[in-house]
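Student: Right, I'll just put the structure down here and ask away after.
The values are calculated or read from the model by the stated rules, or taken from the named source; none is laboratory data. Predicted model only: the values in this text are computed from it and were never measured. Heads up, the Cβs are rebuilt from the backbone with ideal geometry, glycines too, and the neighbour counts pull from every protein chain shown.
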Amino acid sequence: MDAHALKSLLQHQLATDASTASHLPYVLDVLTEQHFNTSTHTPKWSARLSSLLHSKEPSARWAGLCLCLRTAELSKDIMIEFSSGWITVAIPLLSKTEPLPTLKAAIRLILHLFTSSVDKPEYQRQVCTPNVTKYSAALLALTTRNEEQSFQVLIMDAMRRLLKTYPTLLKPSYQSISALTLKHLNGGSPTPVHPSLLDSASKLFASLHYTGGKAGSSSLWKTNIEETVRLARTALAEIRTTFPSTDYADRSNTRLGQDSSVSVPLYLDRLRCCVATVVQLLLSSSQRLFHVPIGLLSSLVLSLLSCTVDEQVEGHIDPSVRVLEVSVVPSLWEMGCDLLTVMCTRTKRSMSPRAPQILTSITFQLEQTLSSTQRLRFLDAAHRVLLTTHTVASGASANRLTKAVLPSLLVLVQMKEQPNGAPSANGTKSKKRSRAFEGDELLSRNRGTVFKTHSDEQCALVAIDLLKSLLSEPNLSQPLRSLVSRFILSLLISLPQTLPSSLSSNTGFHVQLSECVQDTALVIGLGSSTSQSRTLGLIVNSTSSQRPLHHEIELLLHPRLPPLLRSVPRTDFIALTRSEESNEEASLRHELGLVLLESDQTQPQPEPVNTNPGPSTSMAIETRETSYVSESIVQQQKSPAPAPPQHQQMEVDNPPSQTFIQAAPSVQREISESPVQTVHTTVRTTSSVVTTLERKAGSSSLPTVQDDDEEMPSIDVDSDSDSD
């Protein structure tokens, strides 16, 4: 590092005031901490900065303030030595008529000098304490002199940092700071409050409780949040005048004589500001515990989430007011979901008593027709509630929520494969000619994708995560649990065969979706040692990713449930095919729309193979968890036919118009090469939720062993009778 870098800068770039302003970006970029540690020119540097601060040129003063800030950031020793002189010049600049860049540079410099020296008590006593009140008074005066948006944001951010560092010194300014924040949190119409102003003002208001000290900050925080919730409920009542009054605050009739085109946006923006303030209050911290009014906050959340567009008060209603109030309902849902997410994050298990009622409201909204953005917010809110609270008290609530979530994923099982060749008027020849170009659809730019927008993608991911949480609920009914398990298993099998470009224009979405499905399938594999031995394939398959394997290994070593005391397996371990499902599961499947073919009655059901498997396959056939692929394995093992060669693969002949998911090629190779290995991966079966493997007349979809050409072993069946 050049020890004479400061000397070179002083002689060339900082030689005059004009050159200093023009070369300021270069100087700020090349300065490093080593320049001040090894150079002997720091006194000359400090003298040059002082001369720039006292210059008559505004550009030179601005450059001097910027160089002082950069010097204080790189060298704390120089800052402590010369900061007193810098503050003496910078604070009076805030009271003068200076250009806006100079005022911003002075605010940033003084704020850094006050907040970066908390570890120097003597420096704080001599330099900071006498000047903090002067600095805060100058900032409050600047808010009325300049209404520029970025300048207001800078002032409120500076006040917030000062409140956290010097709360006792700023206690006399509490009312002035509160008035500054409420000016921006009162809403605006027709132009709403800018998001940056709203964010800064709400964060500053949420920091006011620091002025109460250790003893009074908790009560001051509670008072602020209760007043904010009261204002929010009043604003909500003013934009729901044409709807029946439920538990809103008493309407103050402040809209009498006002134009609805102005009043409705005004109260909506005021409600948005109140919700943002409550969120920041919940995110704030203190040295002592807060007493959070969960009942009051939950009531506000329920009021926002339960808003509908169908209800209407009796009597005459102004149509224009009705249209405006109906149009703001999606905004109310958005505010409720945001507030609920923060409440669950901060209060966690304390929300458990209110969780069933909140989940009921969310479930009702999910059952309605919503856009992808609205559905995403409700799904994310429900997922956050399930993650942070105890189990759902009512099984009916869990079942209803599961039924409301599944339609968000129906698009994944409705991906119908296009026929290889479409028939045309030219007859069979043209049909054969079209089959010669099977790969054309892969290169087509007009080929549609399943998920059109980013919101659609996030809906699918959050819905799968939500199903994962619901599968952990003990109150979920067994038929619905079995149906969800079969649905997840079908996705687990079909996704490896699906092109990433057919799902979304974002090719990375296929990987994310596969990981979510795999994680959810692991929840299905959790159970006792008896049932977990049949789900070994799910856990082993999850080890193929790059994530840590500690969780999967721990699942294998320590099952979550004790061994089964009865020989008959549970329902969700049996009904993995459509032919084995109960009437209740079939009705649930039809109710949720999980039927892709025209009619279940028109499909020929595959006949079960009645065989007596050997010891190596007894585990697979015991609970009928294997598919028809595993049934063919039994046939091969029963007959003494030679094993197929290594290059031979099993092909499943499924017409595209009748089936949309088939076994993965890797699974097919495992079946043909190592039948015994397939016994441990019995969960890799084609789910009957999506399709059934149909056999054509006169041909089998799976290779069968020709027993006519093989010599059958002779068994003397009457040997016992002869002995008699």
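Student: Whether any residue in region 507-518 is surrounded by fewer than 20 Cβ atoms within 10 Å (Cβ to Cβ), more than 17 Å from ASP465 (Cα to Cα) and out of contact with any Leu (no Cβ under 9 Å at 6 or more places or on another chain) is what I want to check.
Tutor: Looking for residues that are surrounded by fewer than 20 Cβ atoms within 10 Å (Cβ to Cβ), more than 17 Å from ASP465 (Cα to Cα) and out of contact with any Leu (no Cβ under 9 Å at 6 or more places or on another chain), one finds at least one in region 507-518, hence yes.
Student: Sticking with this one: Looking at VAL292, VAL301, can you tell me which residue is modelled with pLDDT of 90 or more, outside any helix (DSSP H, G or I) and crowded, with 17+ Cβ neighbours inside 10 Å?
Tutor: VAL292
Student: Where residues in region 94-103 are touching a helix residue (DSSP H, G or I) at 6+ places or on another chain (Cβ under 6 Å) and not hydroxyl-bearing (Ser, Thr, Tyr), which of them is farthest from MET156 (Cα to Cα)?
Tutor: PRO99
Student: Name the one entry in ILE91, ILE107 that is buried (at least 19 other Cβ atoms within 10 Å of the Cβ) and closer than 28 Å to VAL153 by Cα.
Tutor: On inspection, the qualifying residue turns out to be ILE107.
Student: Checking the conditions here, which among LEU14, LEU10, LEU74, LEU67 is touching a His at 6+ places or on another chain (Cβ under 8 Å), of a type outside the set (D, E, K, R) and under 17 Å from HIS112 (Cα atoms)?
Tutor: LEU74
Student: Can you tell me how many residues in region 35-81 are under 45 Å from the mean Cα position of the chain (by Cα) and among the aromatic types (Phe, Trp, Tyr)?
Tutor: Selection size over region 35-81: 1.
Student: Does region 101-118 contain at least one residue that is under 30 Å from LYS44 (Cβ atoms) and more than 43 Å from the chain's Cα centre (by Cα)?
Tutor: no
Student: When region 32-54 is examined, which residues are found to be over 12 Å from CYS68 (Cβ atoms) and surrounded by 17 or more Cβ atoms within 10 Å (Cβ to Cβ)?
Tutor: If the condition is that a residue be over 12 Å from CYS68 (Cβ atoms) and surrounded by 17 or more Cβ atoms within 10 Å (Cβ to Cβ), then HIS35, PHE36, SER39, HIS41, THR42 are the ones that fit.
This table checks each residue for (1) within 21 Å of VAL517 (Cα to Cα); (2) surrounded by 18 or more Cβ atoms within 10 Å (Cβ to Cβ); (3) touching a helix residue (DSSP H, G or I) at 6+ places or on another chain (Cβ under 9 Å).
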residue: THR345; (1), (2), (3): no, no, yes
residue: MET351; (1), (2), (3): no, yes, yes
residue: ILE358; (1), (2), (3): no, yes, yes
residue: GLU367; (1), (2), (3): no, no, yes
residue: ARG377; (1), (2), (3): yes, yes, yes
residue: ALA382; (1), (2), (3): yes, yes, yes
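Student: Out of everything in region 83-123 that is of a type in the set (Ser, Thr, Tyr) and in contact (Cβ under 8 Å) with a residue 12 or more places away in the chain, what residue ends up being nearest to LEU49 (Cα to Cα)?
Tutor: Top of the filtered list is SER83.
Student: Then there's this: Could you tell me whether region 440-452 includes any residue that is more than 29 Å from SER352 (Cβ to Cβ) and either at pLDDT 90 or above or crowded, with 19+ Cβ neighbours inside 10 Å (or both)?
Tutor: Checking region 440-452: at least one residue is more than 29 Å from SER352 (Cβ to Cβ) and either at pLDDT 90 or above or crowded, with 19+ Cβ neighbours inside 10 Å (or both).
Student: Oh, and also: Residues being out of contact with any helix residue (DSSP H, G or I) (no Cβ under 8 Å at 6 or more places or on another chain) and part of a loop (DSSP other than H, G, I, E, B): count how many of those fall in region 305-322.
Tutor: 7
Student: Looking only at region 332-355, count how many residues are more than 14 Å from the chain's Cα centre (by Cα) and of a type in the set (Ser, Thr, Tyr).
Tutor: 3
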